[in-house]
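One structure is given here, and the rest of the page talks about it.
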Amino acid sequence: QVHMVESGGGLVQAGGSLRLSCAASGSISTVNNMGWFRQAPGKQRDLVARISTGGFTYYADSVKGRFAISRDNAKNTIFLEMNSLRPEDTAVYYCYANIDIRQYWGQGTQVTVSS
């Protein structure tokens with residue numbers, strides 16, 4: 001069994017910063033891509049950023065230059081450093097991990113950016 005635990009969400013003013021983390025634990029053989037999606041009320045869940053085992057990254061256009069994804073392979077953990085936050089970044093952020101042949105999701109963490 002695999003467990004995904006997220007932390008780091010909260011309330012911040014526009015222009016501020018937050019750091020999210022997500023750790024995978026349990027019966028794990030191979031961890032491939034890991035990343036973050038977000039879902040605002042009434043909207044679909046969209047990919048924010050992802051990172052490969054080798055460190056290759058992808059960012060949605062809306063967060064390029066403001067967000068940075070990183071990972072600690074030894075701890076099966078990823079991080080999302082979010083800077084220059086905007087009200088439109090408000091959403092529930094979900095981490096995911098492709099582990100062995102399945103995809104696992106975190107429970108979600110709320111990020112609220114006030115104007």
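The values are calculated or read from the model by the stated rules, or taken from the named source; none is laboratory data. None of the values given here were measured: they were computed from a predicted structure. Quick reminder, even Gly has a Cβ in these numbers, built from the backbone with ideal geometry, and neighbours come from all protein chains shown. These accessible areas exclude ligands, DNA and RNA; they are computed on the full protein's heavy atoms, side chains included. Shrake-Rupley method; radii C 1.70, N 1.55, O 1.52, S 1.80 Å.
Highest mean first, the peptides 44-51, 93-100, 11-18 sorted by other C-beta atoms within 10 Å per residue fall in the order 93-100, 44-51, 11-18.
Provide the net charge surrounding T109, with neighbours chosen by a C-beta distance below 12 Å and charges set as Lys +1, Arg +1, Asp -1, Glu -1. Could the numbers behind the result be given before it?
Working: positive: R19, R38; negative: E6.
Value of the local net charge: +1.
What does the extension gain come out to for S52 and S7, with contour length at 0.36 nm per residue minus their alpha carbon separation? If you can, show how the numbers build up before the last one.
Numbers: separation 45, 0.36 × 45 = 16.20 nm, distance 2.07 nm.
Roughly 14.1 nm would be gained on extension.
Computed over the chain, the Cα gyration tensor eigenvalues convert (square root of 5λ each) into semi-axes of 24, 14, 12 Å, ordered from largest to smallest. Shown is the FRET efficiency for N83 and S29, computed with R0 = 35 Å from the Cβ-Cβ distance and rounded to the nearest 0.05: 0.50. Counting only heavy atoms of the protein chains and using a 1.4 Å probe, K43 has close to 140 Å² of accessible surface.
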